[in-house]
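Have a look at the structure below before the remarks.
The values are calculated or read from the model by the stated rules, or taken from the named source; none is laboratory data. Computed from a predicted model, the values in this text were never measured in an experiment.
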């Protein structure tokens with residue numbers, strides 16, 4: 001039993017020829033190019049990060065290289081896990097889809113490093129199509145309407161917001177003092193410039209608010225689902 005365990009720990013994935021190593025790395029580079037293209041097509045504007053995209057492609061090749069080195073060597077794989085466990089990644093993920101691409105790059109690297117090209121290619125093809133078709137889907141931005149006015153106009157403001165957006169504007173906060181009141185409304189961004197009331201058509205919400213008089217400030221803050229840190 002002791003000799004069997006010793007042999008198991010000393011076992012490697014075999015002496016790979018230069019051609020096999022080059023083939024595995026070559027396939028990983030090709031699939032990394034598809035990953036790069038998919039990320040570029042599914043992201044646009046300020047969401048797209050060229051540096052992150054290049055990092056994904058490099059991660060695929062790096063993972064393949066690690067898998068080639070590890071092979072079936074249990075001792076080496078345990079040592080690699082121990083070494084990687086002390087590394088702490090603090091890169092901020094701006095888009096939840098970025099997590100998908102990170103896992104995609106790692107899985108492709110593992111498949112190519114193990115020589116399972118069919119799984120790597122087929123899986124990447126399906127993921128590529130899914131992200132290409134649905135990658136541009138965006139959640140509607142949310143808008144916060146922040147308004148501070150004299151308490152004398154409290155009912156007028158509430159009536160005006162209801163007139164413009166009906167029940168689509170949700171009151172999230174209402175802070176009052178002896179002389180003033182502050183409202184914070186949450187509204188789906190697509191309704192911001194499209195009042196639901198025909199009476200409000202042709203006049204912006206900003207103009208309508210300041211026509212009431214006694215307005216200290218009126219701010220519109222747009223929010224989205226991007227994660228920053």
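I'm trying to understand the selection: among the residues of the stretch 75-109, which are at pLDDT below 75 and assigned to a helix (DSSP H, G or I)? Break it down into steps so the answer makes sense when it comes.
Initial filter on the stretch 75-109 (at pLDDT below 75): 75-96.
Passing the criteria: 75, 76, 77, 78, 79, 80, 81, 82, 83, 84, 85.
Only one of these conditions is not met by residue 62: (1) modelled with pLDDT under 85; (2) in a helix (DSSP H, G or I). Which number is it?
Here residue 62 clears every test but (1).
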